[in-house]
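Notes follow once the structure below has been shown.
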Amino acid sequence: MTRQHIHIVRHPLLGSSLTVLRQKNTGTEDFRKHAGIVSKILLVEALKNLRVSRYRIETPLSAAIGVKLKDDVVVVPVLRAGLAMLFAINDFLPQVGVGFVGLERDEQTAIAREYYRKLPRLFKTSTVLVLDPMLATGGSFDDTITILKGKGASKLLLVCIVAAPEGLERIRRKHPGVTVYTAAIDSHLNDRKFIVPGLGDFGDRYFGTV
Ligand code: PRP
Ligand code: URA
């Protein structure tokens, strides 16, 4: 399903794994496992328009035409929760450049503070995949996109697992050219700026720091 710049990815395996993530009694082991499944499905979908070039190969039986990726891809997980999605992409894009932006939301204000940044060289033509499972107020994605645009990125794809309408609206307003892939758009943010129904604190549940 496509709505403006937002792709809501639908797949039965995605839906059932997201349900496991949402359940409050899911423990760390299952949370990690299903976060991996959800992330892989989302990432495959987000990368489906990558360009390929054709080249000649030999199978054991004959010559054939194969393809290889042509586009330069850079992946930027937003620390810390974005690491869950980086681990998932490693299975099919182990050779890509990886940049890191470390952001942490203040528990009182929900405003993200940057504590780390290390980025590879970015080109206008690079497809930059920004990974963060939760798009709540949109502050973390907004700050990360601003940093990446400042380094020359222009083709930006955001991949999250759950998004709130408030955060999507912020990204649409401030970064209209950016495409978002998500497994779900939830109802709203609560007074602590957590997504409802959401799945709680992704980083704490994934890394077992509750
Ligand atoms: C969480 C989450 C996102 C951010 C989303 O990270 O992983 O990065 O909040 O909220 P926003 O859209 O309102 O900015 P948190 O700051 O808790 O850090 P963590 O990833 O280290 O857990
Ligand atoms: N970060 C999370 O991990 N969960 C939310 O609901 C909002 C921000």
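Region 51-153: which GluC sites (Glu not before Pro) are DSSP loop and have at most 15 other beta-carbon atoms within 10 angstrom?
Details: sites: E58, E104, E107, E114; in loops: E107.
Within region 51-153, the qualifying GluC sites (Glu not before Pro) (loop, at most 15 other Cβ atoms within 10 Å) are E107.
Are any of the pairs K124/K151; K124/K155; K118/K193; K124/K149; K40/K124 more than 19 Å apart by Cα-Cα distance, and if so, which?
Too far apart for the 19 Å limit: K118/K193; K40/K124.
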Expressed in angstrom, Rg and Dmax over the Cα atoms of region 170-210 are 13.0, 36
Just the ratio, please: alpha-carbon radius of gyration of the chain over 2.2 N^0.38 Å, N its number of residues.
-> 1.05
So what is the accessible area of the chain per residue, in Å², with the probe set to 1.4 Å?
-> 53 Å²
Take the alpha-carbon positions of region 109-200, form their convex hull, and give its projected area averaged over all directions (one quarter of the hull surface) in nm².
-> 6.0 nm²
Can you pull the accessible area of F123 for me, 1.4 Å probe, Å² to the nearest 10?
-> 90 Å²
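Under the 0.36 nm per residue contour assumption, what length would be gained going from the current alpha-carbon distance of V44 and R22 to full extension? Please list the in-between numbers first.
Details: separation 22, 0.36 × 22 = 7.92 nm, distance 2.18 nm.
Extra length from V44 to R22 when fully extended: 5.7 nm.
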Given the rule -39500 (n - 2.57) for each run of at least 4 DSSP H residues, summed and divided by the residues of the chain, what is its mean residue ellipticity at 222 nm, to the nearest 500 deg cm²/dmol?
-> -9500 deg cm²/dmol
The answer for the net charge of residues other than L50 whose Cβ lies under 12 angstrom from its Cβ, with Lys and Arg +1 and Asp and Glu -1, is +2
Round to a whole angstrom and tell me the spacing of the C-alpha centers of region 32-46 and region 50-88.
-> 16 Å
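Could you work out what % of the accessible surface of region 3-207 is carbon and sulfur, using a 1.4 angstrom probe and leaving DNA, RNA and ligands out of the count? Each step should come with its number before you reach the end.
Working: 5510 of 10610 Å².
C and S atoms contribute 52 percent here.
Quote the relative contact order of region 3-207 in percent (integer), defining contacts as alpha-carbon pairs under 8 Å separated by 6+ residues.
Working: 395 pairs, mean separation 46.8, N = 205.
Reported as a whole number, the value is 23 percent.
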Where does region 2-104 land on the Kirkwood hydrodynamic radius, alpha-carbon pairs, in angstrom?
-> 16.1 Å
5 angstrom amide H check on L79, placed H, neighbours 5+ away = V101, G102, L103
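The values are calculated or read from the model by the stated rules, or taken from the named source; none is laboratory data. Since we're looking at a predicted model, the values are computed, not measured. For neighbour counting, all protein chains shown are included, and Cβ atoms are generated from backbone atoms with ideal geometry for every residue, glycine included. Quick note on the areas: whole protein, heavy atoms, side chains included, nothing else; ligands and nucleic acids left out. Shrake-Rupley method; radii C 1.70, N 1.55, O 1.52, S 1.80 Å.
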